[in-house]
Amino acid sequence: SSADLRGLVDEDHARNRFRVHRSALTDPAVLEIERQRIFDRCWLYLGHESELAGPGSFVARTINHRPLIFVRDGEGRIRAFFNVCPHRGALVCRERAGKAKSFQCAYHGWTFSNAGRLIGQPGKEAYPDGFNADGAYDLPEVPRLEVCHGFVFINYDAAAEPLDVYLGGAKFYLELIALQGAAGMEIVGGTQEYSARANWKLLLENSADGYHAPTAHASYFDYLSDRDGDAYKNRKFSYNKAFGQVLDLGNGHAVSESQGAIPWGRPVARWVPGWGEEAQADIDRIRVELVERLGPEKAEMVAERDYNLLIFPNLAVLNIMAVTVRTFYPVAPDYFEVRAWAMAPKGEPEAVKDRRLRNFLEFLGPGGFATPDDVEMLELCQQGYQASIGAPWNDLSKGMFREAEYAAKQDELQMRTFWRQWRDMMAAEERIAFREAG
Ligand code: FES
Ligand code: FE
C-alpha cells in the first residue's frame with residue numbers, strides 16, 4: 001500500500017535520522033511500482049541532439065522497457081516514436097543507429113517515413129480507401145518530447161508539466177554545460193554501455209557521493225601521487241568544509257559543487273597538472289574565447305566549476321573530467337544497464353577533443369579508474385542486502401543535522417533529496433505536480 005511504500009523511507013528530524021529500508025533496493029514489487037509511478041511520470045533523458053547529425057539520423061533506444069526510435073525527420077525536427085508496428089506489433093527498426101528516409105517492418109513490409117507516416121503497404125488494394133485517414137496506422141509518437149540546451153527528454157505522461165518546470169534549478173547547470181562550446185556541445189567517442197548486478201538507485205547515489213572517493217578510489221589517488229608527486233597524498237582535502245557544497249535543486253534534483261577545482265579534476269578552461277604540459281596553450285586559448293563570448297563572470301563559472309549534477313530519477317551529468325553524461329535503467333531489482341557518453345564543445349580541434357575523451361576514459365569510462373571500483377562497491381552492497389535480517393536499513397543521515405544551513409560535498413543531502421522525491425512519487429496513486437523552482 002501507499003503507507004507501506006512511504007514507510008520505506010524513514011525520515012526523523014528529531015533524531016537526525018534518515019534511513020532507507022533495503023527492500024526498496026531488492027523487492028520486485030517495488031520495481032514494478034517504480035516503472036509506473038516514477039519512470040512513466042517523470043521526464044527521462046533520451047539523448048543529445050548531436051547524436052542526430054542530419055535529417056534521417058536515428059538511434060534505436062529502450063527507455064523504461066519501451067523500445068523507441070529517436071530520429072531527426074526529413075525537415076530536421078527531433079522526434080521520438082514507439083518502435084512498434086501498428087499492424088501486428090513487430091519492432092519496426094532493428095538497427096541500433098543509422099540514417100534512413102523510411103523504416104520498413106520486416107514482418108509484412110509496411111513502410112513508415114522518418115516522420116512516422118505510413119507510406120507503404122504491400123497489397124494495399126485489400127484495404128479500403130482512406131484506411132489511414134486519421135493517422136491511426138502511423139508510428140505512434142511518444143506523448144511528450146522537449147529539449148533543454150541540447151539535452152533531449154521525453155515523458156510518457158501527456159499531462160506532465162513542461163520540462164522547464166520539472167528541471168527547476170537543474171536547468172542552470174545544463175546551461176553551463178552547453179555554454180562550454182560556442183556552438184554547443186557534442187558527443188565524442190559514441191555510446192559506452194555497461195551493467196552492474198545492483199539496484200539502479202545505487203548508481204544515482206554513487207554518482208555524486210563525495211564520501212566514498214578517498215576509500216573506494218584509493219588506487220587512483222596512489223596513481224596520481226606516483227605521477228604528480230605529493231599533492232594527493234593528504235586525502236584529508238576531501239573532508240575540508242571549504243571544499244564544496246551540495247544544493248537541493250527541487251523536484252528531486254541536486255548538485256554537488258566544488259569551490260574551485262577539485263585536485264584531480266580538469267576544469268573546462270583552467271590549466272591544472274592533470275591536463276599535461278602540452279595542453280596549456282590550448283586551455284589558455286579556450287579561456288580567452290569564453291571570456292570574449294560570455295564576459296568575465298559567466299566565463300569564470302563555465303571555466304572553473306566542477307560539479308556532479310543529479311537529475312531525478314536517473315540522469316547524472318558529471319563535469320569533473322571532461323563532461324560525462326550517464327543514464328541507467330533497471331532490468332531487475334538487482335541488475336541495471338548504463339549508457340554513458342563523453343561530451344565536448346562542438347568543433348574543437350581534434351587534439352583537444354581527444355584529450356577530453358581520454359579524461360573520460362581514464363576515470364569515469366567503463367574501464368577507467370573509477371567505474372570498475374564503483375561497480376564493485378554497488379555489487380558489494382547488493383550482496384550485503386541478502387543478509388538484511390541483521391540490518392535492514394541503509395543510513396543516509398550524514399550532515400542531516402545541519403542541512404538547513406549547509407551541506408558539504410561529503411554529506412548525503414543529495415541522496416536524501418532523491419529519496420524524498422522517490423518516496424512522495426511512490427506513495428502517490430495519482431500523479432503529483434512538479435514544483436516550479438523557488
Ligand atoms: Fe509490421 Fe505486419 S507487423 S507489417
Ligand atoms: Fe566513484
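Rule-based calculations on the coordinates, nothing more; no lab input. Quantities reported herein were computed from a predicted structural model and do not represent experimental measurements. With ideal geometry, Cβ positions are generated from the backbone for all residues, glycine too; neighbour counts draw on all protein chains shown.
Phi angles of the stretch 11-21 translate, via the Karplus equation with coefficients 6.51, -1.76, 1.60 and θ = phi - 60°, into HN-Hα couplings of 10, 10, 6, 4, 9, 6, 10, 9, 10, 10, 6 Hz per residue; Gly and Pro are given as x. Dipole orientation for the chain: of the candidates Val20, Phe131, Ala370, Phe131 has the Cα lying most toward the positive pole (charges on Cβ; Lys, Arg +1; Asp, Glu -1).
Between the C-alpha center of the stretch 170-228 and that of the stretch 95-111 there is a gap of 35 Å.
3J(HN,Hα) couplings calculated from phi for the stretch 40-45 with the Karplus curve 6.51 cos²θ - 1.76 cosθ + 1.60 (θ = phi - 60°) are, in sequence order, 8, 10, 9, 6, 10, 6 Hz; Gly and Pro show x. Whole-Hz Karplus values for the stretch 121-137 come out as 9, x, x, 4, 5, 7, 9, x, 4, x, 3, 10, 4, 8, x, 5, 9 Hz, taken residue by residue from phi with 6.51 cos²θ - 1.76 cosθ + 1.60 and θ = phi - 60°; glycine and proline positions read x.
For the chain, the dipole from Cβ point charges (+1 on Lys and Arg, -1 on Asp and Glu) about the Cα centre works out to 300 debye, to the nearest 20.
Over the chain, the Kirkwood radius and the radius of gyration, each from Cα atoms, give a ratio Rg/Rh of 0.99. The peptide list 164-170, 53-59, 321-327, put in order of mean Cβ contacts within 10 Å with the highest first, becomes 321-327, 164-170, 53-59. The H on the amide N of Ala408, modeled in the peptide plane, is under 5 Å from the matching H of Val246, each at least 5 residues off or on a different chain.
Counting every alpha-carbon pair across the stretch 369-438, the share separated by more than 19 Å comes to 59%. Taking 32 Å as the limit for the C-alpha separation, the pairs Lys99/Lys298; Lys353/Lys398; Lys353/Lys409; Lys99/Lys409; Lys101/Lys124; Lys346/Lys398 exceed it in the case of Lys99/Lys298; Lys353/Lys398; Lys99/Lys409; Lys346/Lys398.
A cut-off of 5 Å between modelled amide H atoms, ignoring neighbours fewer than 5 places along the same chain, links Leu46 with Val152, Phe153, Ile154. Axis angle, to the nearest 10 degrees, between helix 413-426 and the longest C-alpha principal axis of the chain: 30 degrees. For the peptides 131-137, 412-418, the ranking by mean Cβ contacts within 10 Å, running from highest to lowest, is 412-418, 131-137.
Over the C-alpha trace of the stretch 337-390, radius of gyration and Dmax come out as 16.5, 56 angstrom. Take the chain, connect every pair of alpha-carbon atoms lying under 10 Å apart with a spring to form a Gaussian network, then pick out the residue of Arg88, Arg197, Arg266 with the largest mean-square fluctuation. Highest fluctuation among the options: Arg88. In a reduced charge model with +1 at each Lys and Arg Cβ and -1 at each Asp and Glu Cβ, the stretch 44-155 shows a dipole moment near 320 debye about its Cα centre.
Considering only Leu139, Leu309, Leu204, the mean-square fluctuation computed in a Gaussian network model of the chain, springs between alpha carbons under 10 angstrom, is largest for Leu139.
Under the convention that each Lys and Arg Cβ holds +1 and each Asp and Glu Cβ holds -1, the size of the dipole of the stretch 296-438 around its Cα centre is about 300 debye. Mean-square fluctuations from a GNM of the chain, with a 10 angstrom spring cutoff on Cα atoms, peak among Ala178, Ala216, Ala198 at Ala216.
Note on the stretch 326-416: Rg/Rh from Cα positions, Kirkwood definition for Rh, rounded to two decimals, is 1.09.
Lacking any other cysteine beta-carbon closer than 4.7 Å, the following Cys residues of the chain have no compatible partner: Cys42, Cys93, Cys148, Cys381. Dividing the summed helix terms, -39500 (n - 2.57) for each DSSP H run of n ≥ 4, by the number of residues in the chain produces a 222 nm estimate of -8000 deg cm²/dmol to the nearest 500.
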